[in-house]
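In what follows, a structure is listed as structure tokens, so that the remarks can point back to it.
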Amino acid sequence: MANLINLVTMSYDEDILDEALRLLMINARAAREEEGCLQFDVVRQQGTETEFILYEVYRDEAALDTHKTYDHFKNYFEFIMSLGDKVRRKAVLYDPYEG
């Protein structure tokens with residue numbers, strides 16, 4: 001079975017940026033240690049301080065579901081969800097195309 005890609009675009013208001021990035025990086029570093037997580041990159045859009053893409057590769061959907069059960073994910077996700085329109089987030093799942 002092909003890997004599952006979770007592509008998340010993130011935009012944070014400047015007043016919550018430091019705390020959001022602190023929690024995001026705790027989540028990313030811990031996720032990289034998960035058995036089913038093959039890659040978790042955090043990249044910032046050139047020329048901005050507040051626009052990011054999370055490029056996550058999981059073995060399968062079960063591995064992504066497991067990721068969502070860990071405290072490092074829950075702490076980050078609950079924080080950003082509590083901020084309302086100070087955070088803009090879009091997550092899209094992709095399967096590799098093998099033509």
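The values are calculated or read from the model by the stated rules, or taken from the named source; none is laboratory data. Keep in mind that what you see is a predicted model, and the values were worked out from it rather than measured. All Cβ positions, glycine included, derive from the backbone under ideal geometry; neighbour counts span all protein chains shown. The protein model used for the area step is the full one, side chains on, heavy atoms only, and it has no ligands, DNA or RNA in it. Shrake-Rupley method; radii C 1.70, N 1.55, O 1.52, S 1.80 Å.
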At R0 = 35 Å, FRET efficiency that the Cβ-Cβ distance of residue 92 and residue 14 yields, to 0.05: 0.85
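Can you check how the C-alpha radius of gyration of the chain compares to 2.2 N^0.38 Å, as a plain ratio? Present the calculation step by step, with values, prior to reporting the outcome.
Working: Rg = 13.6 Å, N = 99, 2.2 N^0.38 = 12.6 Å.
The value comes to 1.08.
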Note to self, the chain gives a 222 nm [θ] from helices alone (DSSP H runs n ≥ 4, -39500 (n - 2.57) apiece, / all residues, nearest 500) of -10000 deg cm²/dmol
Counting only protein heavy atoms and rolling a 1.4 Å probe, one gets per residue an accessible area for region 1-85 in Å² of 58 Å²
Can you pull the one-decimal nm distance between simple spin-label points at residue 7 and residue 61, each 7 Å off the Cα toward Cβ? 1.9 nm
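Could you check how much of the accessible area of the chain is carbon and sulfur, as a whole percent, using a 1.4 Å probe?
Values: 2990 of 6210 Å².
Using a 1.4 Å probe with all protein chains present, the chain comes out at 48 percent carbon and sulfur.
How high is the relative contact order of the chain, in percent, counting Cα pairs under 8 Å that sit 6 or more residues apart?
Numbers: 157 pairs, mean separation 45.0, N = 99.
Computed value for the chain: 45 percent relative contact order.
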Give the angle, between 0 and 90 degrees and rounded to the nearest 10, that separates the Cα long axis of helix 71-81 from the longest principal axis of the Cα atoms of the chain. 50 degrees
Just add up the charged neighbours of residue 66: K/R +1, D/E -1, any other residue whose Cβ is under 12 Å from the Cβ of residue 66. -3
Give me the distance between the Cα centres of region 9-36 and region 40-72, rounded to whole Å. 8 Å
In degrees rounded to 10, the 0-90 angle between helix 17-31 Cα long axis and the longest Cα principal axis of the chain is 20 degrees
Taking only Cα atoms of region 59-99, the Rg to Rh ratio with Kirkwood Rh works out at 1.09
Cut-off of 10 Å, at most 13 other beta carbons, DSSP loop: longest stretch of the chain lacking such GluC sites (Glu not before Pro): 50-97
Quick check for me: using +1 on Lys/Arg Cβ and -1 on Asp/Glu Cβ, what's the dipole size of the chain about its Cα centre, in debye to the nearest 20? 40 debye
